[in-house]
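First comes the structure, then the notes that go with it.
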Amino acid sequence: MQEKKGIYIETYGCQMNLNDSEIVSSIVQEAGFLIEKKIEKADMIFINTCSVRENAERRIFERLIHLKQYKKRKPRLIVALLGCMAKNLQAELLEKSEILDFVVGPDEYRKLPELIREAFNKNRALAVQPNNAETYDDIIPYRENSISAFVSIMRGCNNFCSYCVVPYTRGRERSRKSASIVREVKSLSKKGIKEITFLGQNVNSYFCPESKIHFASLLENCAAANPHIWFRFMTSHPKDMSDELIEVISSYENICKHLHFPLQSGANRILRMMNRKYTYEHYLSLVEKIRLKNPDCAISTDIISGFPSETIEEHKQTLSALKTIRYDSAFMFKYSQRPRTKAEHFPDDLPEEEKIRRLNEIIALQSSISRELNKNEIGKIHLALVEGKSKRNPKQWRARSGTNKLIIFDLPEVEIKIGDLIELKITKSTSATLFGEFV
Ligand code: 5AD
Ligand code: SF4
């Protein structure tokens, strides 16, 4: 009997991509291939890519150059590029990188078995057609983590923020049927999963085409039916933050008190140019509403610094927004011009050094706020889910609170295993991490 061919998958970018790699794993295993953990042993290498910033694409090009050595050593090795970059650059990728055997976009993963067959017949291929109906509803992602699971509930995005390539790489917004999500959650619950994160580029605009239920009801139904599972969700767009959703978050103990809520800029003119569809004042009123209902809710954000034509005054408005809102944490980026987006036509007029200076100022401010907020946690007791050994110090373990804070702790005398919910008293903190002891 012929031995099964093994595939090594490398994933870049957002959680959606991680979940897509799990969907890909499921499709190829169904077709008779193996998922290989060691790159050296693989017959095929799949790179699942991200296009959100130019930097992400540059890293992947560097990786492809590095992979040439593998192909030299193993001439029959198949190398494929998947995901957003495939859709963004298409045929250019096959021209630029001769090591690629095929290139496949996010809506065409069902074609993988056929693309692999063609690649073994030495035919290079490009599969990047958009399919605005594809939700991979019937495919059960192949998950290695038995404690936490990502569940994509919708794909694509219709928001067309002027800087963002996602609506072009991942296509139009479409929600999965609620019945299929509920089925997946039930099956994860039977397997003993402790934490589920609902994913979508714009998760809170979810709307089931069949049952007509919105995100708040989906979340409520799942949380009520599975009280032993922690529910998280990301990413929420401010324009879709309903009172009903705020109410649901506060009504269920097993809905984590953490909201990822991108602001992008504190200046209204820039928000308008970004096509974010809210003003800073409206955003702030939403944060106030959330905190009124859920005083302990942690809020994190995304900020883009150095957007075209951003003045010093507008940059200061972003700093001032950070000071007012006091986010628990933030992902902060330097503006990166992307092809086909509306902002591509705005002159990218800030000098590189100025963009870097503004970004560093934002990072320094946010890090001092995170440090102060984390200091306030000292002495408090957090319920946290044990994730495993600490990445830095193997003698210590790590757990995550409902508020999404990483807590490092020493192993106590009692037996503790991954997936346990434990109480930790915070003893020390930095801007990014809490340290606690078992109580
Ligand atoms: N430049 C910089 N940051 C970007 N993001 C998306 N597109 C760009 C871009 N062109 C950031 C936004 C978004 C996060 C996922 O990535 O802040 O919320
Ligand atoms: Fe991009 Fe805006 Fe859609 Fe987020 S909401 S994926 S930033 S277009």
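The phi torsions of segment 415-420, fed into the Karplus equation with coefficients 6.51, -1.76 and 1.60 and a -60° offset, translate into couplings of 6, 10, 10, 4, x, 6 Hz, rounded to whole numbers, with Gly and Pro shown as x.
Pop out the carbon and sulfur fraction of the accessible area of the chain as a percent, whole number, probe 1.4 Å. List each step's numbers first, then the result.
Working: 10590 of 20460 Å².
On the chain, the fraction of accessible area on carbon and sulfur atoms equals 52 percent.
So what is log10(I(q)/I(0)) for segment 196-295 at q = 0.21, 0.24 1/Å, when the Debye sum runs over its Cα atoms only? Listed by q, the Debye log ratios stand at -1.10, -1.33. Have a look at the DSSP beta bridges in the chain and tell me what percent are antiparallel, nearest 5. Among the beta bridges of the chain, antiparallel pairing accounts for roughly 35 percent. I want the local charge near Glu144. Using Cβ-Cβ distances under 10 Å, sum +1 for each Lys or Arg and -1 for each Asp or Glu among the other residues. Value of the local net charge: +1. Per-residue accessible area (protein heavy atoms, 1.4 Å probe) orders Glu98, Glu57 as Glu98, Glu57, starting from the largest. Summary value for segment 6-127: 24 percent relative contact order, contacts being C-alpha pairs under 8 angstrom separated by 6+ residues. In units of the compact-protein estimate 2.2 N^0.38 Å, segment 311-419 shows a Cα radius of gyration of 1.50. Placing Lys380, Lys41, Lys257 in order of accessible area, with the largest value first and a 1.4 Å probe, yields Lys41, Lys380, Lys257.
The Cα center of segment 132-200 and the Cα center of segment 72-104 differ in position by 26 Å. Only helices enter the 222 nm calculation for the chain: every DSSP H run of n ≥ 4 contributes -39,500 (n - 2.57), and dividing by all residues gives -10500 deg cm²/dmol, rounded to 500. Of interest is the spacing of the C-alpha centroids, which for segment 343-368 and segment 288-327 amounts to 15 Å. A cut-off of 5 Å between modelled amide H atoms, ignoring neighbours fewer than 5 places along the same chain, links Leu82 with Ile47, Asn48, Thr49, Val104.
What number, in percent, do you get for the relative contact order of the chain if the mean sequence gap of Cα pairs under 8 Å and at least 6 apart is divided by its residue count?
Values: 855 pairs, mean separation 42.7, N = 439.
Averaging sequence separation for qualifying contacts and normalising by length gives 10 percent for the chain.
Kirkwood analysis of segment 165-242, using all unique Cα-Cα pairs, places the hydrodynamic radius at 13.3 Å. Once backbone amide H atoms are built at 1.01 Å from N, Ile9 has Glu36, Phe46 as its partners under 5 Å, excluding neighbours fewer than 5 places away on the same chain. When only alpha carbons of segment 6-127 are considered, Rg and Dmax amount to 12.9, 36 Å. Inter-label distance, Phe61 to Phe120: 3.4 nm, where each label sits 7 Å from its Cα along the C-beta direction. Beyond 20 Å in Cα-Cα separation lie the following of the pairs Lys38/Lys111; Lys111/Lys177; Lys375/Lys425: Lys38/Lys111; Lys111/Lys177.
Pairwise Cα distances in the chain exceed 29 Å for 52 percent of all pairs.
Within a Cβ distance under 12 Å of Ser285, other residues only, what is the Lys/Arg minus Asp/Glu net charge?
On the way: positive: Lys289, Arg291; negative: Asp243, Glu281, Glu288.
My count for the surroundings of Ser285 gives -1.
Once the piece of chain linking Asn376 and Ile140 is laid out straight, how much longer is it, given 0.36 nm per residue of separation minus the C-alpha distance between them? Before the final figure, lay out the partial values.
Working: separation 236, 0.36 × 236 = 84.96 nm, distance 4.17 nm.
Extending this stretch completely gives an extra 80.8 nm.
The 1.4 Å probe gives accessible areas that order Tyr163, Tyr136, largest first, as Tyr163, Tyr136. Multiplying the residue separation of Lys391 and Glu40 by 0.36 nm and removing their Cα-Cα distance gives an extension gain of 124.0 nm. Look at the alpha carbon pairs under 8 Å that are at least 6 residues apart: their mean separation over the length of segment 181-293 gives a relative contact order of 23 percent. Distance cut-off 32 Å, Cα to Cα: go down the list Lys293/Lys355; Lys342/Lys405; Lys194/Lys334; Lys257/Lys316 and report the pairs above it. Table pairs above 32 Å Cα-Cα are Lys293/Lys355; Lys342/Lys405; Lys194/Lys334. Under 5 Å from the amide H of Gly171 lie the amide H atoms of Cys157, each residue being 5 or more positions distant or on a separate chain, with H modelled from the backbone and absent for Pro and chain starts. Summarising the label geometry, the points placed 7 Å from Cα in the beta-carbon direction at Thr433 and Ser251 lie 3.9 nm from one another.
Placing a pseudo-label 7 Å from each Cα along the Cα-to-Cβ vector at Glu361 and Lys96 gives an inter-label distance of 3.3 nm. Using the Cβ-Cβ distance between Ile213 and Ser320 with R0 = 35 Å, the FRET efficiency computed as 1/(1 + (r/R0)^6) comes to roughly 0.35. The convex hull defined by the C-alpha atoms of segment 381-438 has an orientation-averaged projected area of 3.6 nm². In plain terms, the chain from Leu411 to Lys186 could stretch by 77.8 nm, reckoned as 0.36 nm per residue minus the Cα-Cα distance.
What number comes out for the charge environment of Tyr12, summing +1 per Lys or Arg and -1 per Asp or Glu over other residues with Cβ under 13 Å away?
Numbers: positive: Arg53, Arg58, Arg59, Arg63; negative: Glu10, Asp20, Glu57, Glu62.
Residues near Tyr12 contribute 0 overall.
The values are calculated or read from the model by the stated rules, or taken from the named source; none is laboratory data. The model shown is predicted, which means the values in this text are computed figures rather than measured ones. So basically every Cβ, Gly included, is an ideal-geometry build from the backbone, and we count neighbours across all protein chains shown. Only protein heavy atoms, including side chains, enter the accessible area calculation; ligands, DNA and RNA are left aside. Shrake-Rupley method; radii C 1.70, N 1.55, O 1.52, S 1.80 Å.
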